[in-house]
Structure formats: C-alpha cells, structure tokens
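S.K.: Structure incoming, see below.
The values are calculated or read from the model by the stated rules, or taken from the named source; none is laboratory data. The shown structure was predicted, so the numbers you read here are calculated from the model rather than taken from an experiment. Using ideal geometry, Cβ is built from the backbone for each residue, glycine included, and neighbour counts are taken over all protein chains shown. The accessibility values were calculated without ligands, DNA or RNA, using every heavy atom of the protein model including side chains. Shrake-Rupley method; radii C 1.70, N 1.55, O 1.52, S 1.80 Å.
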Amino acid sequence: MINKFKVKSLKLKVFLLFTFYFSLFTFLCACTPQKEKVYRKTKILMDTLVTISVVSNSKGDAEKAIDAAFSEIEKLEKLLNFFSPDSEVSLINKNAGISEVKVSPDTLNILDKALSVSEKTDGAFDVTIGPVITLYDFHKKIRPEENAIKKNLPLVNYKELIITRNKSTAFLKKRGMLIDLGGISKGYAADRAVEILKKRGINSGLVSIAGDIKAFGLKPDGKSWNIGIRNPRAKGQEDDIMATIELKDMAISTSGDYERSFIIGEERYHHLLNPKTGYPAKGFRSVSIITKEGTFTDAFSTGIFVLGPEKGTKVLEAMGFDGIIVDSNGKIYTTPGIKGKVALK
Amino acid sequence: MNSGLKGILNSTTIADRLLLFILILLSSSGVVFVKEILPKGRTVQIEADSLPVYRLPIDEEKTVSVKGPHGNTIVEIKNHKVRIIESPCPNKLCIQQGWIESGAVVCLPNRVVVIIGDIDSKDRKVVDAVT
C-alpha cells in the first residue's frame, strides 16, 4: 500500500515537472521578441532602380516606412525631373532669360547645394551643363559636332544661375540655359529617404538609388552594410565587383566612364562632361566618394572625376572625404580614412 | 491493439516515458527553429510596375511572361542564370545585358525588374548594394 502510494506520488511529481518545463518552453517561445530582419523593397523611380532595405522586427512597420520613403523620392522626382514638362526644373529652364521662378524648399535647397559644390570644384561640377549634355545621345551612340558644342558652351555657367533664398526663386540669366540635376538629385533623394525612415522609427537601413547609396545603423547581425564597388572594366560576372566597403552612417556614390557611354574607334564617350570643354573628362575610370551626405557624394564624385587626378585629389583632401579611385591605367587608390574597411578583390 | 499498446505502456518505466517526452519536445521545438537555421535557396523575383509577379527558384528551368505597360517581357531562367529574351522596349538594353547570376536586370521603359536574391547562407559574404 505504502509502495503503491510512493509510486503514485512519484508519477505525480514527474507529471508536474513535465508540465512545468513544457509551460516554460511554450512561454519562452511566445515571449521571445520577434527577431529583427532586413525587409527590402524595390521600385523604379527617377528613371532607375531604387532599393530600400530596413531593419525591423515588424514587417508592417518596415513596409510602411519604406513606402513613405518611396513617396518622398517620388515627390522629389516630380520636382526635379529634367524630362518632365511639369517639373520645377523644367519651369526654371523654360523661363531662362525671361523671369525668375518661385520654387519649393527642396528645389531651392538642392540648387543651393549644387552651387556650393560648383564653387568648391571650380565649376567641374555644374548643373547648367544641360545645353551640352543634350547634344549627346548615349543610347544611339551619337556624339555632337564640334560646332554644336562650341555654340552651346557659353550657355554653361553655374555663376549665371541665381537663387534668391528670401524670395525662394531661381533664375537662369541667359535664354537657352538648361539646368540638369541628374548629377546631384539621386544623392539628395537618398538623404531625404533616410530622414523619412528615421522619422518612422527605423534605426538601421540602406537606401540605394542606382549607384547613390546611403547606409545608417547596423544590420541585424551587428555588422556594417557591405557595399560592392563596380569594376569599371568588368569583362564578366566574376570580376563585376572590384572591391567591397563596409559602411555605417555614411553615403557613397560612384561616377564612372562606363555608365551611359559608347566607344567610337579608340575613343570612349561618356556622360561625365567637362563643363569647360563640352567633351568627356579624362584621367579616371571611376571615382567613388564617401561622406555623410548623399548629396555631396553624388555631386563631388562627378566634380572630382571631371577635375582629374591632380586637382581632383586635392579637392578630395581639402573636403576631408574618403574615396576609392581608379585611374585611367586601372590603378586603384584609396584614402587613409577607409583603411581596414575596404576589401579589394 | 489497444491492449497491446497498454501492455507496452505498462512495461515502460518512468525513465522511459521521460525520455519519450523529452524526444517529442525536442522534435517539436525543431519545427520552430529549423526555419531560422537552414539557409534559404536563391530565388528569382520578378516585378512589374513595382508589384511582385513571380518568385521562382533559380535552379528550375523556366520561361515566364510578365505584363508591363508596353506589353510582355519574357524572362528565362536556365542553368542558375536569368536573362530577358523578349521585351517591347525601344532600346532593348535589358536584352543586351544577357545572362546574370547575381544582381538585377531592369527594363525601365516596361517597368519590369528581375532580381536574384535571398542568399542567406551564413558563409557567403553578401553585398548589400552596388555602386
């Protein structure tokens, strides 16, 4: 009888123990906070592929934040698109030599920043390049006649783009002048998109608008964002990326002679035109610039590319930016500030 | 049958039952964790006008048609590679890109995006974006 009672009591203890452990297990499963993940969405905006990645523990929150950032980029696209007749940029261009145009704070801000980059690069970056760049057709491989370049070159001068802050206006002094913000708008949009994501409570993410990338925070594994830098002379998929760089709270942009380009004979015609000559700049194959603001990485990568090795590296140093540069012989240079963060392949 | 099962149960000790319970517990917990631990395969994601249309494994040969604003874009998956073989766009730049093993092929005019992704394998160094 005693024995039977002991066995029953033992069974009860074992049962209770099992119940306790099982409850604990299910409780822990339920209470463990949902793991942080990278949520990614892609959209065609600004005539290119825009990918936004965010780190979040909620799919719903992540998607809402990404959609808000996409809306911001869409809004900027409407203001800044060179080809859209209703954009503020087109309005400024149509009124060139006629009247000043009232513009939104975003347009004013981006024009202001563009002019400051023009000053710092001695006009190597110039948003008034429109009358010359429109003479080229990089899809149809059309290069302009020398006379056509000579005729339009006097219309390229950033000093004749007047912005008046207190009136929120922009004015191109000469008829026929055209501003094209293609060399700065994507970087600016990346900055704005990151601001929107942060406002929505996202602490870590990556905004990539073609080659203009802005990273903030860390990935769920605690590592920095890993950015690949394209090989300007890639022959196949294997050597498509020449280096990788780890980024956190930084932006990167690359200007390369391989984008929007064609070759006639031995000559490579690309979109990075020297505003002083109207012809594609020589000296570099690609220039990648790293700093906090995407607006500056975008514009300075173009400006420094156009300036060439001697003057370009001086501006890079003076601005305190980091960079990865491939010269015309294929030699790769990196600035000391990114030592240990770059892996060459 | 019932008496057989009863017999088996009667012939087991408390330790046996404890072991059985632990095994069941471990197996069921595996269902929860295995999804997180195992690497996911590579997939081809096809989007038209910013909306996902297909999500296909890269290791299966397949040719699919995706409708964009200008017409149908034909995407081919073969030998772990992807390419666009037909497109209504004027420049055919997407077709000229040829086969890709990573990254994306985009047809801007027809707003079709083909992305190779989901490489979650721990030992592969993933590039998060390319400049």
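S.K.: So which strands (runs of 3 or more DSSP E) are wholly in segment A:124-224 and hold at least 2 residues that are open to solvent by less than 20 Å² (accessible area, probe 1.4 Å) and at pLDDT 95 or above?
M.R.: In segment A:124-224, the matching strands (runs of 3 or more DSSP E) lie at A:169-172, A:205-209, A:212-216.
S.K.: I would also like to ask the following. Against the conditions (1) within 23 Å of A:Ala210 (Cα to Cα); (2) within 17 Å of the chain's Cα centre (by Cα); (3) touching a residue at least 40 places away in the same chain (Cβ under 8 Å), where does B:Gly103 fall short? Just the number, please.
M.R.: Just one mismatch for B:Gly103, condition (3).
S.K.: Quick check on A:Ala318: is it closer than 24 Å to A:Thr134 by Cβ and either open to solvent by 40 Å² or more (accessible area, probe 1.4 Å) or small (Gly, Ala, Ser) (or both)?
M.R.: On the way: closer than 24 Å to A:Thr134 by Cβ: no; either open to solvent by 40 Å² or more (accessible area, probe 1.4 Å) or small (Gly, Ala, Ser) (or both): yes.
So A:Ala318 does not fit the description; no.
S.K.: Okay, moving on. Among A:Phe70, A:Phe20, A:Phe83, which is open to solvent by 50 Å² or more (accessible area, probe 1.4 Å) and either part of a helix (DSSP H, G or I) or at pLDDT below 90 (or both)?
M.R.: A:Phe20
S.K.: Can you tell me how many residues within segment A:36-58 are touching a Phe, Trp or Tyr at 6+ places or on another chain (Cβ under 7 Å) and more than 18 Å from B:Ser50 (Cα to Cα)?
M.R.: Going through segment A:36-58 one residue at a time, the tally reaches 1.
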